[in-house]
Amino acid sequence: MAAERKNIHAKHRERMRKKFAKHGLDAFTEHELIEYMLFYAMPRGDTNALAHRLENEFGAVENVLNAPSDRLLAIKGIGENTIQYLRFQRSLSSLLCTRSSAARFNIGENPDIKEYFISMFMDADRECICAAGLDNSMKIVCGRKIADGDLVHVASPVRLIYDFSCAVGCSRIVIAHNHPHSDCLPSASDVYNTAYLVKALGLLEIELTDHIIVGEGGAVSLRGSMHAKDIWQET
């Protein structure tokens, strides 16, 4: 009986693989997306029921990837190995989106750099600072996280931004930080810290080109917003 159930599962997985090969992900329902992803985290067994439980609890597949570990562990059938696999998938998606954005981004042609940093923060559940260096043609040379914060605060150290600038060989830098559990509207401290950074980095011959804030619902460019319109006019 056990062997018979195993064969049914194997045939089901094979049917799913053929469905993906022929039609792609557009042919999949939400729970099928979750189920297919779980095939590679759980090589044996029936992932269909688990996929339904995850969909019922979290909804869309992206919510499953972004769910906190404690909530995932509360779902019957989820263990540490599966959580690590989901974390890898989330981080990989963020990395690929960031690389794709960087490859086609030129601030001289498209001043909206927000999409680039939104992808960089896809797998961040705490506040942190990221930075991107721009070359003379205003294309992104390199971008990465440069500092961590806690759930509600992150510092803006001049030295770390300076070190990043030296490491990537760029004198034009765009920084970004995230509001992981609130909207992207800049706070008074965000504006104050940005004004300080523009002046302090300017003394080091580093141009802070923009400061992006990423939060729920999107991102805000401080340079392009009404919240800090005078900062760059003063430099």
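Throughout, read-outs are computed from the coordinates displayed, never taken from laboratory work. This one's a predicted model, so the numbers in the text were calculated from it and none came from an experiment. Glycine also receives a Cβ, built like all others from the backbone with ideal geometry; neighbour counts cover every protein chain displayed.
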How would you rank 56-66, 174-184, highest first, on the average number of other Cβ atoms within 10 Å across their residues? 174-184, 56-66
Does the range 109-228 come out rounded, prolate or oblate, given a ≥ b ≥ c as the square roots of the eigenvalues of its C-alpha gyration tensor, rounded meaning a/c under 1.5 and, failing that, prolate meaning a/b above b/c? rounded
Expressed as a whole-number percentage, the relative contact order of the range 2-78 with C-alpha contacts under 8 angstrom and at least six residues apart is 24 percent
